[in-house]
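Trainee: Take this structure, written in structure tokens, and hold onto it; I'll ask about it next.
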Amino acid sequence: MSVEKTLLTKTELVLERSLLADQAYEYIKSLLFKGAFPPGSWLRIEPLAQRLGVSTVPVREALTRLVGDGLLEKLPHQGFRVRAFTRQEVAEIYELRCALEKHAAKLAAQRRTPETLEILEQLHADVLETMPQLSEEAVDSEVLARFRAYNQQFHTQIVAMAGNTQLAETYRNIALQIEYLVGQAAYIPGRAAQALREHERLLQALRLGDGEEAQRIVEAHLQRAMEDLLARWEGIQDRRREV
């Protein structure tokens, strides 16, 4: 075998391994967001590798990446565990999120363009058209998963509209933790429907270019979401202590 062919083969193997790790990462992340693994659950590499039909190497890489995202913990000589956010951690993440998104909303109102506003309008219109069930108190898990994706896109678009690269980079650093926590809050009856109504009010403030009102709406929106989430989190912790 020629040196050139050997190098090509090694390159292909590295690429294949990278692709498998990416696939494993997306698969495990989707399970986390769906609530398949409750906080504190252990994730075993071998069973996950068998489910995916891959070796343990890409699964280990995927789990390590999720540790870096702040969604898992790695304990020496024990393995990987779903991070059980404490009340203090949830509150701190939401405090940071609120500070970032309030400023982003004010800037977005000032710097909006017809094109960037249209993206936000379309996101909101699409979810109202395709997921009318969100107006109900009880919504199935599949619809809530789609709502979570929409919610992340909606808030990320507002951050993008702010036109501040440093703000956007800081926001990206906590984006996955936010998405995970939002997914937990969405399971609270009526929360998704309430969020949609709050999004509509925020959209109206952005349409009018009213940065101060946009900030007030974001603050109230995220404060309510945090309170609902903390109430749910405490319920989860109480049930874990009873087991």
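Trainee: Whose amide H sits under 5 Å from the amide H of residue 43, counting only residues 5 or more places off or on another chain, with H placed in the peptide plane?
Mentor: HN-HN under 5 Å from residue 43: 80, 81, 82.
Trainee: Follow-up. Which value in nm describes the separation of the simple spin-label points at residue 95 and residue 219, placed 7 Å from the Cα toward the beta carbon?
Mentor: Taking the simple label geometry, residue 95 and residue 219 are separated by 1.6 nm.
Trainee: While we're here: Using a Förster distance of 35 Å, how high is the FRET efficiency between residue 64 and residue 188, based on the Cβ-Cβ distance and rounded to 0.05?
Mentor: 0.65
Trainee: Order of 103-111, 71-79 by packing, highest average Cβ count within 10 Å first?
Mentor: By packing density, highest mean first, the sequence is 103-111, 71-79.
Trainee: Extending each Cα 7 Å along its Cβ direction at residue 231 and residue 45, get the distance between those two points in nm, one decimal.
Mentor: Rounded to a tenth, the inter-label distance reads 4.2 nm.
Trainee: Fewest to most neighbouring Cβ within 10 Å: what's the order for 172, 112?
Mentor: 172, 112
Trainee: Per the Kirkwood definition applied to all pairs of different Cα atoms, how many angstroms is the hydrodynamic radius of the range 26-142?
Mentor: One decimal place: 17.8 Å for the Kirkwood radius.
Trainee: Using the Karplus equation 6.51 cos²θ - 1.76 cosθ + 1.60 (θ = phi - 60°), what ³J(HN,Hα) coupling, rounded to whole Hz, does each residue of the range 76-87 give in order, writing x for Gly and Pro?
Mentor: Karplus-based 3J(HN,Hα) across the range 76-87 equals x, 6, 10, x, 9, 9, 5, 5, 9, 4, 7, 4 Hz.
Just so you know, all these numbers are worked out from the coordinates, no wet-lab data involved. Here the structure is a predicted model, which means the values were calculated and not measured. Cβ atoms come from the backbone with ideal geometry, glycine included; neighbour counts cover every protein chain shown.
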